[in-house]
Amino acid sequence: MKRKWTVMVVILLIAIGGVYWMLKPTEEEKALEESKEFTNNFLTKLPGEKDFQQFQSKTGRYSMLYPNEFYIPDVFYEVSEDYFENWMSEKTSYVEEKQVSNKVLQVMYRENEEKRTEGKLRITLNDVSYEGQHEKMTIGNKTIYYGKSHFATNDKKVEILDPKKYEPNHFFAFVVDNETQQFVELVYSLYCYDEKACNINVEEEEEFFAKIYKSVQFERKVK
């Protein structure tokens, strides 16, 4: 009888252990939860807004809309007092546990004490635009340079192609405060790993990104 109970207890412990491992978070799930907690440190809910929250920079120098379901891994965040901040957030989509797409938003803020706005804009256009193609708009006291391009990888080499001929998968914006010349650079990238399962509406994504970069608001430095 004692042996029978011992066997039953062992079987029960094995079963409980199996359930535990089924419920135990994977490394990816743990990392995602940590990123959610880190991201929440920057966000404030907006009344009546279900798709975005308000992002407040740790520099105290700018704020902007931040899309729900995107998360900032703390390893992709850096800040230097009130004059520099750089971060990357992402949203990964899965179909039957297979990663099919990734959306990445990269943001960099800089105070412009050395009047380097024009030079940095040229670098941005060189890095992400097709042959410098971009448009320009003014909203209040902000000037925004924006555009799109297609990134293609051939033999591990990245080519920037004409978005009029190839579906754009990179969008960029350079937002400048006209009084202080401080700026925020934003790059929104779409990566599709499975063309059959990955449905990206480029027009919707472009509108989505425009809502973000138009929302950037600068704060004056307190002297």
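The values are calculated or read from the model by the stated rules, or taken from the named source; none is laboratory data. Note that the structure is predicted; figures quoted are calculated from it, not measured. For neighbour counting, all protein chains shown are included, and Cβ atoms are generated from backbone atoms with ideal geometry for every residue, glycine included. Heavy atoms of the whole protein, side chains included, go into the accessibility calculation; ligands, DNA and RNA do not. Shrake-Rupley method; radii C 1.70, N 1.55, O 1.52, S 1.80 Å.
Could you tell me the calculated FRET efficiency between D127 and N199, based on Cβ-Cβ distance and R0 = 22 angstrom, to the nearest 0.05?
Numbers: r = 28 Å, r/R0 = 1.26.
The calculated FRET efficiency here is 0.20.
Once the Cβ-Cβ distance between Y94 and K211 is put in as r, and R0 is 25 Å, what FRET efficiency do you end up with, to the nearest 0.05?
On the way: r = 25 Å, r/R0 = 1.00.
E between Y94 and K211, to the nearest 0.05, is 0.50.
Classify segment 64-161: rounded, prolate or oblate, from the alpha-carbon gyration tensor (a ≥ b ≥ c, eigenvalue square roots; a/c under 1.5 rounded; otherwise prolate if a/b is larger than b/c)? Write out the running numbers ahead of the final one.
Working: a/c = 1.86, a/b = 1.27, b/c = 1.46.
Because a/c hits 1.5 or more and a/b fails to exceed b/c, segment 64-161 counts as oblate.
Considering the options P47, S93, T59, tell which one lies farthest towards the positive end of the dipole of segment 32-101, charges being +1 on Lys and Arg and -1 on Asp and Glu at the Cβ, about the Cα centre.
Sorting the options by dipole projection puts first P47.
Could you work out how much longer the chain between K36 and D155 gets when fully extended? Use 0.36 nm per residue separation minus the Cα distance between them, nm to one decimal.
Numbers: separation 119, 0.36 × 119 = 42.84 nm, distance 3.52 nm.
Between K36 and D155, full extension yields 39.3 nm more.
Roll a 1.4 Å probe over the protein heavy atoms and report the accessible area of Y146 in Å², nearest 10.
50 Å²
Around Y71, with a cut-off of 14 angstrom between Cβ atoms, what is the net charge of the other residues, counting Lys and Arg +1 and Asp and Glu -1?
Numbers: positive: K30, K36, K91, K103; negative: E28, E29, E33, E34, E37, E69, D74, E90.
That works out to -4.
Multiply the residue gap between F76 and K58 by 0.36 nm, knock off their C-alpha separation, and tell me the result in nm, one decimal place. Don't skip to the end; give the middle numbers.
On the way: separation 18, 0.36 × 18 = 6.48 nm, distance 1.43 nm.
Roughly 5.1 nm would be gained on extension.
Could you list the residues of segment 136-168 with an amide nitrogen less than 20 Å from a label point located 7 Å from the Cα of E118 in the Cα-to-C-beta direction?
136-138, 142-146
In debye, nearest 20: dipole of segment 56-186 around its Cα centre with unit charges on the Cβ of K, R (+) and D, E (-)?
Numbers: 17 positive and 23 negative charges, 78 e Å.
Dipole about the Cα centre, nearest 20: 380 debye.
Amide H neighbours of N169 under 5 Å, at least 5 residues apart or on other chains, H built in the peptide plane: list them.
Amide H neighbours of N169: S149, H150, F151.
How large is ³J(HN,Hα), in whole Hz, for each residue of segment 40-54 in order, when computed from phi with the Karplus curve 6.51 cos²θ - 1.76 cosθ + 1.60 and θ = phi - 60°, using x for Gly and Pro?
Couplings: 4, 5, 9, 9, 10, 5, 10, x, x, 10, 9, 9, 9, 10, 8 Hz.
Kindly report, to the nearest 10 Å², the accessible surface of S57 as traced by a 1.4 Å probe over protein heavy atoms only.
Result for S57: roughly 10 Å² accessible.
Using a 1.4 angstrom probe on the protein heavy atoms only, line up K164, K211, K103 by accessible area, largest first. It would help to have the intermediate numbers written out before the result.
Numbers: K164 170, K211 90, K103 35 Å².
I get K164, K211, K103, largest accessible area first.
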